[in-house]
């Protein structure tokens, strides 16, 4: 094992690098959590750590501290506490210190040298006058720090006993390796060492004070900006954001502790192993999402979690860099805070996959808490969030909102409250916490200057703009207010206010970049200074930004839109938007912020503002393109933001050559382009717009085997592509999979690729790669996405078996999680062998026992109910379906459950409940197109008279709306199967004729036509249907699937004209599509007409399928015309021989209607088979056949004569080599069989004469 090395002689202080926090806690479950001084006292925590070590059974490794050249290997916590549990004093001191940190104890490592020389020693001292809360230690510890010097001083003293006086506790940690160790003995031995004249302290390593979480034992230090620990995040807080801390502004939780948004409940939910790893708080701006996230993070730290905060909008943070930061924490429980989820550049599916695989490797519990507004969550950009986050709505009730507001007023504006009264301050500040906080601060400032009473008459309730105007006027950045308040309201906002909006829309960025956007409008430096002084703009990890996005949103809405008329101030808006053209980064920031503003505006106002923003970009497309092309990486991310912006995205696509092309001309082959393609394909317009496709394919031609190409291939393959582009894209995907096909992220390429129609070769390669991927990752949670796409495809038997095996193995691990429906649904929809089907159904029923009332259960119920189930399983499945319908029975997607459920045999009670739910569903959704699935299955059941009447009424109403579409044929077919009253029957008849005229020749109409055939129909309608079928066949009769309709038609009683046409169409279809086990092949085999290509196809089919019961009919039709195709004779004979030779010894059903006897008769009659080698082969074949038990069947059809067979058989008796084992028995069977013929007497007499001559020959 490679262990880290420490050289005590060269740098003894570096022993600190080997201390690991958050590792011992995963190995010792008894350690108390780190809680920043809450809960157990420090001494009790030290005892808990010591006793955990004492119980671990650690053995002492008697090794010299100094090894070769002064280097010593350091054992890590896993070796010390888990296996092999060997350690020396240094190993124990390092591991024990890490465990102390986990438990919230401040440790120090003491290095001792013997005065007389010899091996050195290490021990631990714990500070017990306070706790350790994280990197840097407790702020109060500085007064206790002993330092390093000739004489080490221990402020407040060193204890000699556990319960003695002093702030520090000495611990001889090697005592844990002794028999029955106690903390008391370890402290006494430690105190004796420190006070002994035989030892001197050479170094005090203050672990608690100087600990760095990125030490030697872990991976390389985290270099990605935008990811911070909780303590780092606290240190970053400025201005009003300091009020996120409970010490500054106490948190007001919901009154009900069981409320899902109570921080304690949220943390409990995140600590659960079941369910999704994250919680997403969704709520309007300013309702407390950020504050709730921060409070949960603070409580998580107290409970011993490691907490990471991720900066919104930081482009360097990706799924892989965030996952790496999580790994580096090396904690057993890690909480990641993602405030403003819409501003991250993280691929959530990729992150979910990474944390799933790494959690299995490192054993950490990883949870996420995030927030977003409702407007963004409803967009396509939020589509993949369901793989990580459970959504919880955050909407405080009136009582809690009032309590939060009052808390803000009492903490931040006590003077103002006392001066003007609480009620007046409540009215001024409004109910939104962020707005109330900003106004309270301004009011308190005015109150301190005795100006509040004077200012209030001009201030509207909860109006930030009024306060901003007042501050700007103080520095003459706005003109003095008019005497009439109304005039101030209707006057266009001045340039200073416009500059405020511009600078907020440009954030977060550095101060210089933000002011550059405002300087064209006003004195940006002075205005920005005023915003900072008001703490409306604060500095964070990503640069300067509004203290809350609600501030920017309100300024945009009130300054760029007239509040009286709700009309957008056009020229003013254009002037503000133009300021973004200072840099690509500013364009990107404007795009992101405007997206949020537009999404959250009221509908009418939002549409008007969106239109104005779009018009501005249309007018400035060329300039915008030049700015965006100014930088590679900056431009790529900015264009990505533009393509996601609801106002600018359509313009960017329409003016592609002006907005996007300039960047692409410079950087289209760069690696940065992948972000542009990724965002572009995922945007609403980009999902269908074709312009990105050729650029992406060109990029892939250079980068298709790079890791990054996977981010482009996934969304590219997930969209509609023309045939040529699809072929090229699939080729690139297969090339990429050849290099990266077993990497974790390959799942996203598989998901898109396997969901496409692929040619046989590409499909085979793709499936092969997918199976190889499953061989590596098949039991990870996210394999569900590969299973979903793979199991939904047609697979060869071998591949299907492997895929199903992997799926069942996955279900044995994850079969009860919600996401198992992605595996169960396609798996249950496949043909499975009995064993696999039983296991799959068992998993489905087990899953439903926990999930049967969730929305997702519908996706499992539908394929499950569509299978053949044993009685017990069927009953359980139906019970789950009825329970599900009780909750979701009126949702649109319930149609799929109804279709499968109503198609089953149900007991009377279940049927009644199911039909009731179906009728209720139809009363809500009965006229939507998809209602035809419910109508079709419902009308196909026996129901009571009343329910039938209601169902028929819904069907007729549906036909009134959709009777002219192809799918209407299925509903009409279902209606024809029922007893209808005269009025309904007349309506249906009219609808059928109209449907046949309007839709009867559509390609997809054949399936509906087939359904019409399956009903009892009066002659007039049947004639119309048959006419429509032939019209359809004349247009579509050569399609591969035309045999469905053609076979149905051939079973009808057709007149001679239609019969002749049916034969011609059938022959043509067989020539193009080949013969097989289909009704068309069977029909033609029984006709006199046959063509040479069909004859050859029949023979080839028979050679490949010897022994099939239908074989005599098919080869009989060939041998009848063999004179026309003598070159087919030999292969024909081969086909018959293989059939006869393959028969088992016992009797078969091959000749139940004497059809094989008839085939042999035709062979005996055929001129090409009458002599020579072929004739001899026929003779051999005949001798074998008439010796078999199923030959010479008396069940002969009327008019059939087999004279040629009897004649040729009798001739065999004159040839010695064809001698039968019992010739008399054969002749007796021939004679008895001939007597059963139903034909002309002359034919029978001639056959009897042949038999008699053979008897005479044998007796002579």
Taking residue 107 and the conditions (1) touching a helix residue (DSSP H, G or I) at 6+ places or on another chain (Cβ under 7 Å); (2) surrounded by 21 or more Cβ atoms within 10 Å (Cβ to Cβ); (3) at pLDDT below 95, which numbered condition does it fall short on, given that it satisfies the others?
(3)
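Any idea which of 866, 829, 886, 858 is at pLDDT below 95 and more than 25 Å from the chain's Cα centre (by Cα)?
On the way: 866 fails: more than 25 Å from the chain's Cα centre (by Cα); 829 fails: more than 25 Å from the chain's Cα centre (by Cα); 858 fails: more than 25 Å from the chain's Cα centre (by Cα).
The conditions single out 886.
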Provide a single number: the residues in the range 1037-1055 that are surrounded by fewer than 18 Cβ atoms within 10 Å (Cβ to Cβ), more than 39 Å from the chain's Cα centre (by Cα) and under 13 Å from residue 1003 (Cα atoms).
1
Subset of the range 569-582 [touching a helix residue (DSSP H, G or I) at 6+ places or on another chain (Cβ under 7 Å) and either buried (at least 24 other Cβ atoms within 10 Å of the Cβ) or farther than 9 Å from residue 517 by Cα (or both)]:
569, 570, 572, 573, 574, 575, 576, 577, 580
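Take residues that are under 30 Å from residue 1072 (Cα atoms) and tell me which of the helices (runs of 4 or more DSSP H) falling wholly in the range 944-1046 contain 2 or more.
Values: elements: 945-962, 968-976, 982-999, 1005-1013, 1019-1036.
Where helices (runs of 4 or more DSSP H) fall fully within the range 944-1046 and carry at least 2 residues being under 30 Å from residue 1072 (Cα atoms), they are 968-976, 982-999, 1005-1013, 1019-1036.
With closer than 17 Å to residue 90 by Cβ, in contact with a helix residue (DSSP H, G or I) (Cβ under 8 Å, 6 or more places away or on another chain) and touching a residue at least 60 places away in the same chain (Cβ under 8 Å) as the only criterion, which of 209, 203, 193 stands out?
From the options 209, 203, 193, the qualifying one is 203.
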Of all residues in the range 641-655 being in a helix (DSSP H, G or I) and either without any contact (Cβ under 8 Å) to a residue 40 or more places away in the chain or farther than 9 Å from residue 591 by Cβ (or both), the one that is nearest to the chain's Cα centre (by Cα)
649
Name every residue in the range 182-199 that is in a loop (DSSP other than H, G, I, E, B) and modelled with pLDDT under 95, in order of residue number.
196, 197, 198
For residues that are part of a loop (DSSP other than H, G, I, E, B) and in contact (Cβ under 8 Å) with a residue 12 or more places away in the chain, scanning just the range 906-937, find the one that is farthest from the chain's Cα centre (by Cα).
906
Answer yes or no as to whether residue 841 is under 25 Å from the mean Cα position of the chain (by Cα), modelled with pLDDT under 95 and farther than 30 Å from residue 740 by Cα.
no
Any chance residue 1237 is modelled with pLDDT of 85 or more, buried (at least 16 other Cβ atoms within 10 Å of the Cβ) and part of a helix (DSSP H, G or I)
no
Can you tell me which residue within the range 503-520, out of those that are surrounded by 23 or more Cβ atoms within 10 Å (Cβ to Cβ) and touching a residue at least 40 places away in the same chain (Cβ under 8 Å), is farthest from the chain's Cα centre (by Cα)?
518
Looking only at the range 1044-1061, count how many residues are in contact (Cβ under 8 Å) with a residue 24 or more places away in the chain and within 20 Å of residue 1092 (Cα to Cα).
1
Taking residue 986, is it modelled with pLDDT under 90 and more than 36 Å from the chain's Cα centre (by Cα)?
yes
Just need a number here: residues in the range 258-297 that are modelled with pLDDT of 90 or more and assigned to a loop (DSSP other than H, G, I, E, B).
5
Taking residue 1212, is it crowded, with 17+ Cβ neighbours inside 10 Å and without any contact (Cβ under 8 Å) to a residue 40 or more places away in the chain?
yes
What is the one condition in (1) outside any helix (DSSP H, G or I); (2) modelled with pLDDT of 90 or more that residue 1174 does not satisfy?
(1)
Are there any helices (runs of 4 or more DSSP H) wholly within the range 532-639 with 1 or more residues that are in contact (Cβ under 8 Å) with a residue 60 or more places away in the chain, and if so which?
549-560, 570-578, 584-600
Condition first: over 16 Å from residue 152 (Cα atoms) and not in a loop (DSSP other than H, G, I, E, B). Now tell me which residues in the range 109-140 satisfy that.
114, 121, 139, 140
Which members of the range 954-988 meet the condition of being assigned by TED's automatic domain parsing to the domain that holds residue 929 and under 18 Å from residue 902 (Cα atoms)?
954, 955
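A quick yes/no check of all residues on (1) in contact with a strand residue (DSSP E or B) (Cβ under 6 Å, 6 or more places away or on another chain); (2) assigned to a loop (DSSP other than H, G, I, E, B); (3) at pLDDT 90 or above:
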site	(1), (2), (3)
743	no, yes, no
772	no, no, yes
785	no, no, no
795	no, yes, yes
Subset tally (residues that are in the same structural domain as residue 920 (by TED's automatic domain parsing) and surrounded by 21 or more Cβ atoms within 10 Å (Cβ to Cβ)) for the range 851-881:
4
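The values are calculated or read from the model by the stated rules, or taken from the named source; none is laboratory data. Quick caveat: nothing in here was measured; it's all calculated off a predicted structure. Glycine gets a Cβ as well: all are built from the backbone with ideal geometry, and neighbour counts include every protein chain shown.
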